[in-house]
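What follows is one structure encoded as structure tokens, with my remarks underneath.
The values are calculated or read from the model by the stated rules, or taken from the named source; none is laboratory data. Predicted model, so just to flag it, every value in this text is computed and none were measured. Cβ atoms come from the backbone with ideal geometry, glycine included; neighbour counts cover every protein chain shown.
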């Protein structure tokens, strides 16, 4: 299994089907609202479809923090970044550190621009992307020029 080392506490592990672990993250209604503006949690079929779609669109990883899977991140070929950090692991600067590694990956791939679509009510994610160097260019779009 391939992985990228973020730092001494964290790795990005190449996606593999691990639905039991991942589904638990998407059973949090607040998290589903933050990332997908959903008023319901994921079921197994929605989770599988999401991962299938993201895997086709780019590089998909689980986030492994202190030897525990705690989220996922995708760098799409069009430069879009999708990231989810499970609620118990939020506010530990995991997202910011992961985004730093994704920026390195994008540079390796010769990409010139990254972006994230973040709902206007998701101020936590907005702050995280801004702290990683992204600039707001539209109400819900944040861009990083490589």
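Of all residues in segment 51-62, those that are at pLDDT 95 or above have Cβ atoms under 6 Å from Cβ atoms of residues that are assigned to a helix (DSSP H, G or I), 6 or more apart or on another chain, in 60/54.
Results for (1) under 25 Å from residue 138 (Cβ atoms); (2) not in a helix (DSSP H, G or I), shown as yes or no for each residue.
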{"position": "49", "(1), (2)": "no, no"}
{"position": "54", "(1), (2)": "yes, no"}
{"position": "62", "(1), (2)": "no, yes"}
{"position": "91", "(1), (2)": "no, yes"}
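The numbered conditions (1) outside any helix (DSSP H, G or I); (2) within 15 Å of residue 14 (Cα to Cα) are all true for residue 110 except (2). Taken over segment 6-32, the criterion of being in contact (Cβ under 8 Å) with a residue 60 or more places away in the chain and either within 18 Å of residue 59 (Cα to Cα) or surrounded by 16 or more Cβ atoms within 10 Å (Cβ to Cβ) (or both) is satisfied by 6, 10, 12, 25. Look at residue 140 and say whether it is in contact with a strand residue (DSSP E or B) (Cβ under 9 Å, 6 or more places away or on another chain), closer than 17 Å to residue 33 by Cβ, surrounded by fewer than 17 Cβ atoms within 10 Å (Cβ to Cβ) and at pLDDT 95 or above. Answer is yes for this residue.
Is it true that residue 134 is closer than 28 Å to residue 8 by Cα, in contact (Cβ under 8 Å) with a residue 40 or more places away in the chain and surrounded by 14 or more Cβ atoms within 10 Å (Cβ to Cβ)?
Details: closer than 28 Å to residue 8 by Cα: yes; in contact (Cβ under 8 Å) with a residue 40 or more places away in the chain: no; surrounded by 14 or more Cβ atoms within 10 Å (Cβ to Cβ): yes.
Judged against the criteria, residue 134 is not a match.
All conditions in (1) out of contact with any strand residue (DSSP E or B) (no Cβ under 7 Å at 6 or more places or on another chain); (2) in a loop (DSSP other than H, G, I, E, B) hold for residue 125, with the sole exception of (2).
Restricting to segment 30-42, what's the tally of residues that are part of a helix (DSSP H, G or I) and either at pLDDT 95 or above or under 15 Å from the mean Cα position of the chain (by Cα) (or both)? Quick ask: steps written out before the conclusion?
First, pick out the residues of segment 30-42 that are part of a helix (DSSP H, G or I): 30-36.
From the residues that got through so far, the ones that are either at pLDDT 95 or above or under 15 Å from the mean Cα position of the chain (by Cα) (or both) too are 31-36.
Residues in segment 30-42 being part of a helix (DSSP H, G or I) and either at pLDDT 95 or above or under 15 Å from the mean Cα position of the chain (by Cα) (or both): 6 in total.
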